[in-house]
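In what follows, a single structure is set out as structure tokens and then discussed.
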Amino acid sequence: MIDGGEAIRKLALNVARYTGLAPLAKPFIGGIGAILMLHRVTATPEKPDSVNRHLNIAPGFLDAVIADMKASGYAFVSMDEAVERIKAGGKGGQFATITADDAYRDNMTEALPMLEKHCAPITIYVAPGLISGTADLWWDVVEDIVNVGTRLTLNTPGGPLTVDCSTPAKKLQANARLHAYLTSEVREEDLRAVLRDLANATGVDADGPRLRTLMNWDEIRGMAAHPLVTIGAHTINHSNLKRLSEADARHEIGAVRGLLQAELGEEPRHFAYPYGYASAVGCREVGFARDAGYTSAVTTRHGVLRAEHAGFLHALPRISVNGRYQSLAHIRTMLSGVTTPLANAGKMLVTI
């Protein structure tokens, strides 16, 4: 959630844009289509200055992105159709499919009207643990923990560590320190217990963020019945699969299908790896998703789709449409394909 490379990425986007490289390159490296990735879509975020504000875009920007892409010749299709188009090598023309992770309520209240306006399908990836309460929106809870006090104590292998949260600048550093602590120093299996201990010690309601911002099961069932909506799986507990044992990772990937079927009446066909970056998903996890019987699986690796992805349907890249890049010019540059090798050490075909 904390990203120090934003300025460098924006510089690369602007260089590609202002030199005219992006539109010139698009016919050659723009690929056959793109999977767009959303999280939150709301015009009225609860915390506009949140460290996690990059996860949100305005509904008006989503409207503009879809309209601009349609004007450029993209057809918006379901994830099922996107898979068929990838298998066909993109012969039907450039296409896009929209995805959203975590099942935020504003996907229903503010994003869906924009999707209906354009008849644009969406796949929403659900982690049942986040909905039922066996998992937490820990990145939001961390921010609440940091915001309520001036210092907190972490129990590290080297002994207690005091983290200064006394100023806005120190709070930014504290957020980064807690992210590192929970994602690399605490076992994945212990993350929730450690987080809740910190929340209890600071008087923070660890259930508050998910209850305020995520859909409940009735709302998800309503969305699942909508003709534009497909519900996909996002593990049971939004776990970093690479940090789990094989048995636990397979359970998170496979057993979620039965949980979603019990709630929604249908097994999910599509899967999204939580976090989706290199330290969260690799060859092992891709194999597990394939073994579990999913039709497709998406990462958060940045890239456009190519015909060769027909051989990598369980390691598909996405284009993140997020609060850092709420500019049509930035989205056009990303869709041109020029940023795909820049973000992936020169690789044009992005898998894992």
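The values are calculated or read from the model by the stated rules, or taken from the named source; none is laboratory data. Every value quoted in this text rests on a predicted model; they were computed, and no experiment measured them. When we count neighbours, we look across all protein chains shown, and the Cβ atoms used for this are built from the backbone with ideal geometry, even at glycine. Calculation scope for accessible area: heavy atoms of the full protein, side chains included, ligands and nucleic acids excluded. Shrake-Rupley method; radii C 1.70, N 1.55, O 1.52, S 1.80 Å.
Residues checked against (1) under 18 Å from the mean Cα position of the chain (by Cα); (2) over 16 Å from A225 (Cα atoms); (3) charged (D, E, K, R):
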{"residue": "K87", "(1), (2), (3)": "no, yes, yes"}
{"residue": "G93", "(1), (2), (3)": "no, yes, no"}
{"residue": "A103", "(1), (2), (3)": "yes, no, no"}
{"residue": "V126", "(1), (2), (3)": "yes, no, no"}
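Given the criteria among the hydrophobic types (A, V, I, L, M, F, W, C), touching a Cys at 6+ places or on another chain (Cβ under 6 Å) and over 29 Å from A233 (Cβ atoms), does A201 qualify? So A201 does not fit the description; no.
Pairs are defined by a Cβ separation below 6 Å, a sequence spacing of at least 6 or placement on different chains, a first member in the range 143-166 that is surrounded by fewer than 16 Cβ atoms within 10 Å (Cβ to Cβ), and a second member that is at pLDDT 95 or above and of a type in the set (D, E); the pairs so defined are R151/D164.
Do we have G133 as farther than 30 Å from L349 by Cα and at pLDDT below 95 here? Answer is no for this residue. Among the numbered conditions (1) out of contact with any strand residue (DSSP E or B) (no Cβ under 7 Å at 6 or more places or on another chain); (2) open to solvent by less than 20 Å² (accessible area, probe 1.4 Å); (3) part of a helix (DSSP H, G or I), the only one that F61 does not meet is (2). Of all residues in the range 20-45, those satisfying the criterion of being of a type in the set (G, A, S) and modelled with pLDDT of 95 or more are G30, G31, G33, A34, A43. Checking each residue in the range 323-348 for being surrounded by fewer than 18 Cβ atoms within 10 Å (Cβ to Cβ) and not in a helix (DSSP H, G or I) picks out S327, N344, A345, G346, K347, M348. In the condition set (1) open to solvent by 10 Å² or more (accessible area, probe 1.4 Å); (2) touching a strand residue (DSSP E or B) at 6+ places or on another chain (Cβ under 7 Å); (3) farther than 30 Å from A206 by Cα, M79 is compliant with all but (1). Once the range 186-213 is narrowed to residues that are touching a Lys or Arg at 6+ places or on another chain (Cβ under 7 Å) and under 29 Å from E246 (Cα atoms), the residue that is least open to solvent (accessible area, probe 1.4 Å) is A206.
Here is a list: E116, E84, E110. Which entry is in a helix (DSSP H, G or I), open to solvent by 10 Å² or more (accessible area, probe 1.4 Å), in the same structural domain as A233 (by the TED database) and without any contact (Cβ under 8 Å) to a residue 40 or more places away in the chain? So the residue among E116, E84, E110 that is in a helix (DSSP H, G or I), open to solvent by 10 Å² or more (accessible area, probe 1.4 Å), in the same structural domain as A233 (by the TED database) and without any contact (Cβ under 8 Å) to a residue 40 or more places away in the chain is E84. Taken over the range 261-290, the criterion of being of a type in the set (A, V, I, L, M), surrounded by fewer than 18 Cβ atoms within 10 Å (Cβ to Cβ) and in a loop (DSSP other than H, G, I, E, B) is satisfied by A278 alone.
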